[in-house]
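So the structure is just underneath, and the comments pick up after that.
The values are calculated or read from the model by the stated rules, or taken from the named source; none is laboratory data. What you see is a predicted model, and the numbers here were worked out from it, not measured in a lab. Virtual Cβ from ideal backbone geometry, glycine too; neighbours counted across all protein chains shown.
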Amino acid sequence: MKLLKMMIVISAMSMLLVATPGYAQTPAPAPQTPAPAQQKPATPPAAAAPTPAPAPKPPAPFPEGSKFAFVDIQAVASNSAEGKTATAKLDELRKKKNTELLAKSNALKAMQDKLQSGGSVLNDAARSQLEKDIEKAQRDMQFAQQDAQTEVTDLTNQLQGDFQEKLNPIIEQLRVDKGLLMIFSIRDSGVVAAEPGLDLSAEVIKRFDAAGKTPVKK
């Protein structure tokens, strides 16, 4: 009997790994093992009073007379309305492509299982056709993965470009308003320590969100 080389189906859910600013997937919680039955019901301990969350610290004042400042672009992307919208668009595309790839993966696995479990009862013509269908499905799966990755990468680049194009004027105007010579991107500058008051990220987010709510003049 002709043997068909069985290719491992790559999990569609692990294919799309392009990260976007501010986006992080939360892992699913691990299943809990049920506690063994007790002969006598245990008295539940008294619930402790919830500890109030600490009040957020006010931002450090900007050092008077400073001519330099910095911005955390990642923080702006994670917390600004514009960044959250871009992240949601990319997540939606990823979810769509993952669903499509998972459907193809399941269909391919079903054909492989059929050949493996019923190969001995299939006639030569049916077995040969099934092997051809599996090979075609494997090629289609590979092409679909490549196309999905390309589409995600293209959208990521587009969203990042649009984000930066909208953000740059906000930062430049802030530099002018504060009379600064330069504003650094803290994650790209190589700086390992800096005065907290030089961080203008919160002010950039505030201005960025306000600009997004301002109607465009016609």
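Below, the figures for the structure above:
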{"read-out": "Check on Leu180, modelled with pLDDT of 95 or more, aliphatic (A, V, I, L, M) and within 30 Å of Pro196 (Cα to Cα)", "value": "yes"}
{"read-out": "Residue in segment 53-69 that is at pLDDT 95 or above and not in a loop (DSSP other than H, G, I, E, B) present", "value": "yes"}
{"read-out": "Qualifying residue in segment 106-118 (condition: surrounded by fewer than 18 Cβ atoms within 10 Å (Cβ to Cβ), of a type in the set (S, T, N, Q) and at pLDDT 95 or above)", "value": "yes"}
{"read-out": "Every pair of residues 6+ apart whose Cβ atoms lie under 9 Å, when the first sits in segment 196-218 and is at negative phi while the second is at pLDDT below 80 and outside any helix (DSSP H, G or I)", "value": "Pro196/Pro59; Gly197/Pro59; Asp199/Pro59; Ala202/Pro59; Glu203/Pro59"}
{"read-out": "The one condition in (1) closer than 30 Å to Ala60 by Cβ; (2) of a type outside the set (Val, Ile, Thr); (3) out of contact with any helix residue (DSSP H, G or I) (no Cβ under 8 Å at 6 or more places or on another chain) that Asn123 fails to fulfil", "value": "(1)"}
{"read-out": "Out of Ala211, Ala137, Ala148, sole residue that is modelled with pLDDT under 95, surrounded by 15 or more Cβ atoms within 10 Å (Cβ to Cβ) and of a type outside the set (Phe, Trp, Tyr)", "value": "Ala211"}
{"read-out": "Answer residue from segment 145-181, given it is of a type in the set (S, T, N, Q) and closer than 26 Å to Leu200 by Cα and is nearest to the chain's Cα centre (by Cα) among those", "value": "Thr156"}
{"read-out": "Residue list for segment 66-99, restricted to those being crowded, with 19+ Cβ neighbours inside 10 Å and basic (Lys, Arg)", "value": "Arg94, Lys97"}
